[in-house]
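Accompanying notes for the structure given below.
The values are calculated or read from the model by the stated rules, or taken from the named source; none is laboratory data. Since the model is a prediction, treat every value here as computed from it, not as a measurement. Cβ sites come from the backbone with ideal geometry, for glycine too, and all protein chains shown count toward neighbours. Side chains included, ligands, DNA and RNA excluded: accessible areas come from the protein's heavy atoms. Shrake-Rupley method; radii C 1.70, N 1.55, O 1.52, S 1.80 Å.
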Amino acid sequence: ESQGMYFSGPDVRYGSNYNQSTGETAADVLADYEAEFGEVPAAPFWAHSYDAAALLMDAIAAASYDDGGTLVIDRAGVREFLNGVSNYSGLIGLMSCDEYGDCSSSKITVIQNIDINDYGVSTANVVYEYAPLGSAQVGDIAADHLGDGSLGVVEVGPGEAIQIRSLNAISGDVAFLGIPNQRGVELAIADYGPIGGHDVTIGAGMDDLCSADGGQAAAQILVADQDVVGVIGTSCSGAATAASPLISAAGMVMISGSNTSPALTSDLAGTAGKNYHAGYYRTAHNDLYQGAAAANFALDVLGVSTAAAIHDGDPYTEGLATAFADAFKAGGGTITGFTAV
């Protein structure tokens, strides 16, 4: 039924992009993924999650010091490092983190399904690309990243591993999204290696259930564990809405590879979203850019002047439909209907 239709989403033409922390190219990591798990990723955010994990480990390395064999990690320093990320080379391209935690360059593509029998051919059939940000330094980079201890420290004793966690949707209908995210984290840890002589582990993967209840329940477990430094997740924006305030208040950081809701970071005018909390970061794009990309394509390439915006009642899809509708109207188009089905 989708023959001939257009689809917008993150630009997955990673090509020869490489992660500067591990030195691995996107092609290398994808090959490792297929060799390790026996299949290709079912969703595109595996690379975003790989980069998110590498950024977190860089932050831990920068914000830690050895104290007689014990690695002391300053949680405030972890945030300071992430706030200063600029022109970071990742599998998804160059990234710079703004003051609200948006780190992605927000490259969006539109593809057209031209062959219902060959998924690869259609996903590679890019008919429009949108790159609103590029990369630029967004703040001063400090000489070191040891904070004042205001957010607490984590001490990793001799022979102990540094504890980070993967919080993604790994069961239910959205497992196709969360499992590749978690696997991306696992591959990044393997490629990165030890930090200060200590291995890094995610322990057992945690499940956000792609829901606010799941995100909140998992976050309550995470913040009760004093040894956890940071979290890669969540898969779904609704889960992040509930998890982020708890994780941020505990002095930890959470970096998502697939959350896209503007409410978690900011609007395009630089106003903090209603669900923004310091300590939240993401390598995924902001839905407002995806909405603008789809609207510009419809107006400028297809020559469409009227459109209906339809969603399924979920806050994510409603937000994306709103982003499209607002951008379409701003470009001179008319929205004839906005409804849920």
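Summary table below
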{"item": "Selected residue (only one of Leu246, Leu209 is part of a loop (DSSP other than H, G, I, E, B), out of contact with any strand residue (DSSP E or B) (no Cβ under 9 Å at 6 or more places or on another chain) and modelled with pLDDT of 95 or more)", "result": "Leu209"}
{"item": "Cβ-Cβ under 6 Å pairs, at least 6 apart or on other chains, the stretch 316-341 side on the phi < 0 side of the Ramachandran plot, far side part of a loop (DSSP other than H, G, I, E, B)", "result": "Gly319/Ser261; Gly333/Ser305; Ala340/Gly313"}
{"item": "Residue match in the stretch 180-187 (condition: assigned to a strand (DSSP E or B) and closer than 30 Å to Glu39 by Cα)", "result": "no"}
{"item": "Counted residues, the stretch 208-222 - those being open to solvent by 40 Å² or more (accessible area, probe 1.4 Å) and within 22 Å of Leu55 (Cα to Cα)", "result": "0"}
{"item": "Residue within the stretch 275-287 that is farther than 26 Å from Arg75 by Cβ and open to solvent by 20 Å² or more (accessible area, probe 1.4 Å) present", "result": "no"}
{"item": "Those residues of the stretch 72-93 which are assigned to a strand (DSSP E or B), over 14 Å from the mean Cα position of the chain (by Cα) and either surrounded by 24 or more Cβ atoms within 10 Å (Cβ to Cβ) or modelled with pLDDT under 95 (or both), in sequence order", "result": "Ile73, Asp74"}
{"item": "Every pair of residues 6+ apart whose Cβ atoms lie under 6 Å, when the first sits in the stretch 121-134 and is under 13 Å from Ile108 (Cα atoms) while the second is hydroxyl-bearing (Ser, Thr, Tyr) and not in a strand (DSSP E or B)", "result": "Pro132/Ser106; Pro132/Tyr289; Leu133/Ser105; Leu133/Ser106"}
{"item": "Checklist (1) out of contact with any helix residue (DSSP H, G or I) (no Cβ under 7 Å at 6 or more places or on another chain); (2) part of a helix (DSSP H, G or I); (3) under 30 Å from Ala219 (Cβ atoms) applied to Ala293, failing item", "result": "(3)"}
{"item": "Residue among Asp267, Asp300 that is within 30 Å of Val78 (Cα to Cα) and either in contact with a helix residue (DSSP H, G or I) (Cβ under 7 Å, 6 or more places away or on another chain) or open to solvent by 40 Å² or more (accessible area, probe 1.4 Å) (or both)", "result": "Asp267"}
{"item": "Selected residue (criterion: surrounded by the fewest Cβ atoms within 10 Å (Cβ to Cβ)) from residues of the stretch 312-341 that are outside any helix (DSSP H, G or I) and either modelled with pLDDT under 95 or basic (Lys, Arg) (or both)", "result": "Val341"}
